[in-house]
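*Asks:* Supplied in structure tokens, the structure appears directly below.
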Amino acid sequence: MSSIVLRPLSRSGDPFGLRAALFAALATAALAAALLFAAPVRADDSPVRDLQGRYVGIGPARGMQVEITDVGRKPAGKFHDSNGVEADIGGGWKEGGLEALLNFPGRPVFVRMTPSALGMQMAVLPLDPEGKPLREQARVLAFLREGIETPEQPALYQDPPKRAGSEIDPDVFLASYQFWPPEGVANGFDNIGPRYRTILRMFPQIHADVLWKLCQAQTQRGLLAEALRGQGAGCADIEKTVARLQSAGRFSDWKAAVDREIGQLMPAVQCSRGYIVKESVCGPASQRVAKAATSLETLGTLLAQWR
């Protein structure tokens, strides 16, 4: 089995501005952390104890594995590529993450690993033979802690939209958004149009779950402000609630509640678009929407129920 080594950045500094290039490039790169909730960035360079453990890749990282065995001042671990490449992980701590250079033969890669509630994300910035960053190839790979299962993708699933301003079926959005990274959710929420954004707002558990993703996105901030208007809570409240549920092992309860509401709303959406015409389905579905429209439930009152 081939082997490579992750080594720390030189103490002489960062001559090509790799960290700045990484963050700048990733601002427009497609994020892969569909089920992950990023941890806050820390200002100090102390070891990140939460990174210790074994991780398995999802999405584009499927087949990869990372094991962090030592989270002391000199971190250590193993990286296993989907092609059978094994790497010893070294590097160093920087602002809440582990940073290192991964030396593939003839192609070094700068990586930054940071913890998240359900696992870890690895930001990747390939370098040219001279060590200069290839910004257009930057990406983020998502890893789940070993033992955490992911749900199967539904039949209506589509990949996340890469841009706003187009159109996506609302039933596709409902079936897919939980698997999308925050930027994809932000684009999709824009693309379903104001009519269906209003309908989603009537179902507070779905709305809260979508807002959780919107709060993490770097785009569509105006759309986020509109969605939060009159809700009696903000992004900090959502993030605090979700983090508490994750820490208590109750995040699956949150997601189960989301799935129940999606099951209630999906027939109404498909009836409104003519995909379902049976009165036995559309009649009750219409009644559920009418009842939801008269509800006084808001994001604030919903979050209070999860305390």
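*Asks:* Compute the distance in nm between two label points, each set 7 Å from the Cα along the Cα-to-Cβ direction, one at Ser166 and one at Asp70.
*Replies:* Inter-label distance under the simple model: 4.8 nm.
*Asks:* Something else now. Would you order Lys132, Lys213 from fewest to most other beta-carbon atoms within 10 Å of each residue's own beta-carbon?
*Replies:* Least crowded to most crowded, the residues run Lys132, Lys213.
*Asks:* Hey, got the dipole for the range 62-125? About the Cα centre, +1 on K and R Cβ, -1 on D and E Cβ, debye to the nearest 20?
*Replies:* Here the range 62-125 has a charge dipole of around 120 debye.
*Asks:* Just tell me which lysines come within less than 25 Å, Cα to Cα, of Lys291; anything on the same chain fewer than 8 places away is out.
*Replies:* Lys255, Lys278
*Asks:* I need the shape label for the range 51-127. Rule: rounded when a/c is under 1.5, else prolate if a/b > b/c, else oblate, with a, b, c from the alpha carbon gyration tensor.
*Replies:* Rounded, because the longest to shortest axis ratio a/c is under 1.5.
*Asks:* Let me ask another. Placing +1 at every Lys and Arg Cβ and -1 at every Asp and Glu Cβ, with all other atoms neutral, what dipole size does the range 170-305 have around its Cα centre, in debye to the nearest 20?
*Replies:* For the range 170-305, the charge dipole is close to 140 debye.
*Asks:* Can you classify the range 160-289 as rounded, prolate or oblate using the Cα gyration tensor, where a ≥ b ≥ c are the square roots of its eigenvalues, rounded means a/c under 1.5, and otherwise it's prolate if a/b beats b/c and oblate if not?
*Replies:* oblate
*Asks:* Going by C-beta contacts inside 10 Å, put His80, His207 in order with the fewest on the left.
*Replies:* Fewest to most other Cβ atoms nearby, the residues stand as His80, His207.
*Asks:* Convert each backbone phi in the range 155-167 into a coupling constant with the Karplus relation 6.51 cos²θ - 1.76 cosθ + 1.60 (shift: θ = phi - 60°), then list the ³J(HN,Hα) values in order as whole Hz, x for Gly and Pro.
*Replies:* Each residue of the range 155-167 in turn: 4, 7, 4, 10, 5, x, x, 7, 8, 8, x, 10, 9 Hz.
*Asks:* On to the next question. Neighbouring Cβ atoms within 10 Å as the yardstick, rank Tyr55, Tyr275, Tyr196 fewest first.
*Replies:* Starting with the residue having the fewest Cβ neighbours, the order is Tyr275, Tyr196, Tyr55.
*Asks:* For labels at Lys78 and Arg307 in the simple 7 Å Cα→Cβ model, what's the distance in nm?
*Replies:* A separation of 4.7 nm, rounded to one decimal place.
*Asks:* Work out, step by step, the length gained on full extension between Leu296 and Glu95: first 0.36 nm times the residue separation, then minus their alpha carbon distance; give nm to one decimal.
*Replies:* Stretched out fully, the Leu296 to Glu95 stretch lengthens by 68.1 nm.
Each reported figure results from applying straightforward, stated rules to the coordinates on display, with no laboratory input. Note that this is a predicted model, so its numbers are computed, not measured. As a convention, Cβ positions derive from the backbone with ideal geometry for all residues, glycine included, and neighbour counts pool all protein chains shown.
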